[in-house]
Structures are given as C-alpha cells and as structure tokens.
Amino acid sequence: QKEVEQNSGPLSVPEGAIASLNCTYSDRGSQSFFWYRQYSGKSPELIMFIYSNGDKEDGRFTAQLNKASQYVSLLIRDSQPSDSATYLCAVSSGGYQKVTFGTGTKLQVIP
Amino acid sequence: NAGVTQTPKFRILKIGQSMTLQCTQDMNHNYMYWYRQDPGMGLKLIYYSVGAGITDKGEVPNGYNVSRSTTEDFPLRLELAAPSQTSVYFCASRNRQGPADTQYFGPGTRLTVL
C-alpha cells in the first residue's frame, strides 16, 4: 500500500465550478498534511497545510482533514483556468520529520 | 533572501560518471529534503536531514549519498550514474515554528544519464 494515494486524473471542471481533490494516507500516526500546486516544468508551491481535524479555509481554497478515515481533501471554489495544474498531497510522519508525497492529481479548468 | 538555490539547472551525465547536486538555503531552516520527480509522477523522497550532522534515508536512497555539514548546505551525491537516475531533482527546506509548517522548494536540477 502506498503511503499517500491520489487519483491521477485528469479532473476536468468548468470555470466557476468547485474542484474537489482527494488524498488518502496509510500511516495513522501522520501529523501534518499539505497541498501543493505544481505547474508544468516548475517546482511545487505550497497552497496550505492542515494538522487538525475539520476544515481550514484560505481564500478560494478549503482543506478538509479526517484523521479517523485517513483522508484529506482540497476544495477549490470558483475555479479559474489559471488553477489548471497538478495538485500534490503530502503527509508528514516519522515524528514530523519525513514528508512524503502522493503522485498528484492533474486539474483542468475548462473556460 | 534567495530562499533555496540549486545548481546546476541542467546536466547530462554518461553512465558510470559521478556528480554532486548542490543545494543551499539562506532561511536557517533545520529540515532539508531531496526529492526526485520522474515524468508525470509525484515526488519521491531520497534523503532528508533534520539538522547539521543528521541525515536519514527516504523511499529511494539507493545510488545516492548526502551530507549535512552546515545548516545551509545539503549536497546530493550520485555515484556511478545509471539511466534510471534520469529525473528532475528538487531540494527543499522546511520551517516548523509553532503551528506553522512550510516547505520551500528550489527550482530543480534536470539530470539526464545517457
């Protein structure tokens, strides 16, 4: 079982819609959870992190964490064509030291 | 404040050659990481360090070595390069302070082994 799993996509949504990206993780002791955006040929950039159960909102982005289900998600409201990118889920484990990434979900926002 | 810098940006190696990928951060972060990213794939952790003098293996350490003699520098050494090591290599540093937790990535090194 992979440590961090994501659907590779592509996930296609129309402009203005809500995009929902999902991620599951295997280590029940994981502590911090991250969402990164990566444009083609560029390095990943952090969108947000979450460490407590529940929702965390930042602008158009909402991260949701459910530790009991070992599930973390990212919602993007009012999706824009500029949101088209690969979204990487990452999980911190091993006493907060190790950060492991999923394979990413490619998002396409259709104008 | 340059953040995380990596050199070189591009490199072509022949099978069996060796090289060192350089990574430097100027943010005084204790945590540093090396990842590789194959085309269309996520990032795989090669090695990480939680402070000067402390390193540990990640998911795919075979064929690589690291050292961390200073807080700023975390070089990655490839010995006896193989075509399977063709990839984009990213270095990252991480800041954990209280509830904040942020990982900053360098621009990457694109390596081809022929």
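The values are calculated or read from the model by the stated rules, or taken from the named source; none is laboratory data. Since this is a predicted model, take the numbers as computed values, not measurements. Cβ: placed from backbone, ideal geometry, glycine included. Neighbour counts: every protein chain shown. Quick note on the areas: whole protein, heavy atoms, side chains included, nothing else; ligands and nucleic acids left out. Shrake-Rupley method; radii C 1.70, N 1.55, O 1.52, S 1.80 Å.
Looking at region B:16-53 only, could you name the residues that are within 12 Å of chain A (Cβ to nearest Cβ), out of contact with any Leu (no Cβ under 8 Å at 6 or more places or on another chain), assigned to a strand (DSSP E or B) and in contact (Cβ under 8 Å) with a residue 40 or more places away in the chain? B:Tyr31, B:Met32 - these are the residues of region B:16-53 that are within 12 Å of chain A (Cβ to nearest Cβ), out of contact with any Leu (no Cβ under 8 Å at 6 or more places or on another chain), assigned to a strand (DSSP E or B) and in contact (Cβ under 8 Å) with a residue 40 or more places away in the chain. Among the conditions (1) open to solvent by less than 50 Å² (accessible area, probe 1.4 Å); (2) touching a Pro at 6+ places or on another chain (Cβ under 9 Å); (3) more than 9 Å from chain B (Cβ to nearest Cβ), A:Val13 misses just one, which is (2). Of all the numbered requirements in (1) touching a Phe, Trp or Tyr at 6+ places or on another chain (Cβ under 9 Å); (2) without any contact (Cβ under 8 Å) to a residue 60 or more places away in the chain, A:Ser40 misses one, and that requirement is (1). Against the condition more than 29 Å from B:Leu114 (Cβ to Cβ) and buried (at least 19 other Cβ atoms within 10 Å of the Cβ), how does B:Tyr31 come out, does it pass? Judged against the criteria, B:Tyr31 is a match. Restricting attention to region B:87-114 and to residues that are more than 14 Å from every other protein chain (Cβ to nearest Cβ) and open to solvent by less than 50 Å² (accessible area, probe 1.4 Å), the residue that is nearest to B:Thr24 (Cα to Cα) turns out to be B:Leu111. Scanning region A:70-94 for residues that are more than 9 Å from chain B (Cβ to nearest Cβ), assigned to a loop (DSSP other than H, G, I, E, B) and open to solvent by 30 Å² or more (accessible area, probe 1.4 Å) turns up A:Arg77, A:Asp78, A:Gln80, A:Ser84. Among the numbered conditions (1) in contact with a strand residue (DSSP E or B) (Cβ under 6 Å, 6 or more places away or on another chain); (2) open to solvent by 60 Å² or more (accessible area, probe 1.4 Å); (3) at pLDDT 95 or above; (4) not hydroxyl-bearing (Ser, Thr, Tyr), the only one that B:Asn62 does not meet is (1).
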